Structure formats: C-alpha cells, structure tokens
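Presented below is the structure to which this report refers.
The values are calculated or read from the model by the stated rules, or taken from the named source; none is laboratory data. On a predicted model such as this, the values are computed, not experimentally measured, just so you know. Surface accessibility is based on the protein's heavy atoms, side chains included, excluding ligands, DNA and RNA. Shrake-Rupley method; radii C 1.70, N 1.55, O 1.52, S 1.80 Å.
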Amino acid sequence: MLTLGGQAHGSFCDGMRRRDFLKLGGLALGGLSLPQLLRAESQAGVGKSHKAIIMVFLAGGPPHQDMFDLKPDAPSGIRGDFKPIATNVPGFDICEHMPRMAKMMDKFAVIRSLVGSGPDHSAGQCLTGYTDLVSRVQGGRPSLGSIVAKLEGPIHSDIPPFVGLSPRVGHPPWANPGDPGYLGLAYAPFAPFRAEGSDGKKGDNPDSVGLKLDESVIIPDRLAGRRSLLGQLDQFRRGLEQSPAIQGADSFTTRAFDILGSRKVFEALDLSKEDPRLRARYGIGDMKQEFDGPPCCMDHFLMARRLVEAGVRVVTLAFGRWDTHSDNFSTNAERIPKLDMGLSALVEDLHNRGMDKDVSVVVWGEFGRTPQINAQAGRDHWPPVNFVALAGGGMRTGQVIGSTDKHAAFAKDRPVTYPSVFSTLYHNLGIEPSTAVPDRGGRPMFLLDDREPIQELI
C-alpha cells in the first residue's frame, strides 16, 4: 500500500470526514489486485480508433410529457404546467425550461417512442439494454462500458477505457456506473466518486465498484486545490521509475502503476484547468445529493468531455433524481434548466472541438411518468413509453423519431426498444452487435438479441 499524505479536512457533502490523500496500489477487488485485473483485461486486445460514448442516466424516470413530448391540447389533468417552445428544427417543440437546447436541436435526435422499460428503479437497463430481471437470469449482462473495455481495450496504457462518474447514493441501483457482469472485475469502470453514502451503507454489487481512489472522494470543488497533490504524484512517479522493485515487475504491475501514478486522469478531472468562461457555460455543479438520488452536478458533463479527450472510451454519469410522485412541476422547473445547461454545453463543446462525429451522447431514464397527474401534483411510474435523446456519433440529428398517442401514454408509431438503441451505439463505435463474448461458463453470449440499428439515425 502506497499513500500520499495530506492535511485533514472537515465533513464533506456525504457527511463523512476524509483525509486529502490517495492510497495507491492496494486496489483489491474480490481478491484481485490491480495488476491481476489488468492481466485479465489484456486478453481483450487494444483497439486503434477512438470512438467514444458519454451516457447520462436520469435516475428515477424523467417525465417525457413535460420535456420532449408535451401535449398542450390534452386535458388539464394530463398536459401539465409547462408550455412547449419552438426549436431551430421546424415542427420540433420541447419544454419551455430548455431554451438552450431549443436553439440547437438540429444537433439532437429525440426518440419519443421508447418501449420495453422494466419496472425497476435502476440504471441497469440504460447501461446494458436489458432489464435487471433478464440480466440476472442470464448471469449478469455486462454494461456497454465493460463490453467496450473488453473488445477495444485502452487507448493509452495509463488511461482506463471505462470511467463511471456516478457517486454512491442512498438508493444503490441508481448509483451503478456500469457492472461488468459475467465479463468479470477486469472490465469494471474506474470510479473516482465511489465513496460511501451519508448512511454509511455500501449496498452496491461489488462488481460495480471498479478501480477507485480508495478512501478519497474527489469533489469538484476540491479539485481546484489539487496542485500540491499533482506535485506529489510527480514525486511518486519519479520514485517509481527509480525503484528496483518496479523495474523488475511484470508488465501488468507496471501498467497498474502507470494508471495510478499518471497525471492524466487527475488532470482530466481538474476543471481549474479549463477556461473560466467555458466552465461557466457548463454551469458550476456540486455533489449535494437529492434525497436518495444523484446530485445535479453540471461539472460531470465537463469532466466527461475532458476524460474522453484524454482517451477514455466510455463515460457514464447520473444526473438528478427524477422520481417526482409529488411536486413534479415545481421541482422540475428547477431541475430541467440544469440539464438544459449542462447538456447543451457538452454537445456544443463537442462540435466546437470537432469531436461530434466520434463521440455519441445518450440521455435517458429507466421509464416515463404517468399521463395522469396525481393528487400530489406528481406523476407516477409509467413503463409503457419513454424517451431517449441522442447527439453526436456521426448520427443524423435534427429529427424526432416515433410518436405517442394524444395523452403520451403509449407509442403511436415507430416503437423503439432499448436493445435497438444499443445496436446504434455499438454501430457508432464500429462494433458489430452480433459479436459474442464468453460468459463465466465460457458460453458465447451475443451482445444483443435485437441487433438492428435505428436506420433513421445511420
């Protein structure tokens, strides 16, 4: 165990006291050390291109009819309080609380007829394409990030291919950054925010922990003060280079220290390096959790772009708690503008940097909300139909795919399934959806059962 020491700090937003240190080397998961994980991962090989995906999970079920599928002519008990506004795509209206996106909807495609949602409050289906029940029956479906890590490998030896930014929260299934499932722990995400929640409970599937900064929480507000830490990392690396033990280590141990001693991941997470004007465009976020759900941290959108630029292939993040059984309109009048700000800044930034053809962005939740507004001014769970917003990846944007009936209750035409969205994402990465990977028993498992990409997007 190698430790970089620092000064003690007070309580952070998770209610726990932390020390400003990184413990490096002792990242054992399920009995495996980091070098063992890398050795197992090496069986995958290394890809040559840098296609990437940023996946945004809206925990709790976002209200489709209050965001991208408003029904202004529906009865008052259904249509809600929000008004539609025109976008820069003729005939494509969205919620009045998304004015930034409205000015650039030509860079987005929205599917209004997503079907097949499971009943679970879980990120699982948005990470794998399969409901949690199906995933369990099939031995644990790997997340897209884990699949990409196995099939493509890392771009650089000191940059993990898969990073999960979702922090630990009170409801653990919302905090899942992407389980590796039957692929094994070698393909778990690097998860820098996986500290315990304020209740002190762990609660996660251990497969979802991934490579982490043990005992440390990297809160965006603290990254600006990490100059001394980066200096310690430089000193640490120089010590590694001169160490006889490291000079005699195998390549997997050396690569483990490359990752842990590298400045690249920490620099990607350090938003103080960005132009303040650009960071202001994204919005300054915090790590304050919404009850038992994820925070609305706009910083994570900027971190995702920086991580992809550094060489990460898949970044997942969870944004906000959208389970509005009560006060749907008052809470979402505050929450939706935050999503509008962070998401529009991310997509605009990708275009400005020429990354829009290579980086796919997908935004969705586990299910939609009921057409009928309940007595508490809320909307309840509604699996029959949902939405997904997509951008980048060379996709044909500036369009709406599918529609719902007059109450936004059921798909009216062009129903789209979760696996077909995943087929499209794999297509954008250059991965054939009919590819098979072995499960724990060595049996070949196809990535998807529905392998037809969404033709309107190709």
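Among the protein heavy atoms of the stretch 327-458, carbon and sulfur supply 52% of the accessible surface, probe 1.4 Å, non-protein parts ignored. When S76, S344 are compared by accessible area at a 1.4 angstrom probe, the order from most to least is S76, S344.
With 26 Å as the limit on Cα-Cα distance, the pairs of K150/K357; K51/K288; K103/K288; K357/K406 that go past it are K51/K288; K103/K288; K357/K406.
Averaging the Cα positions of each part gives two centres, and for the stretch 47-124 and the stretch 379-458 these lie 15 Å apart.
Shape analysis of the stretch 98-166 places it in the oblate category; the axes a ≥ b ≥ c from the Cα gyration tensor give an a/c of at least 1.5, with a/b not above b/c.
For T424, T417, the ranking by accessible surface with the largest value first comes to T417, T424, using a 1.4 Å probe. Taking the accessible area of the stretch 120-191, probe 1.4 Å, and keeping the other protein chains in place, the carbon and sulfur fraction comes to 58%.
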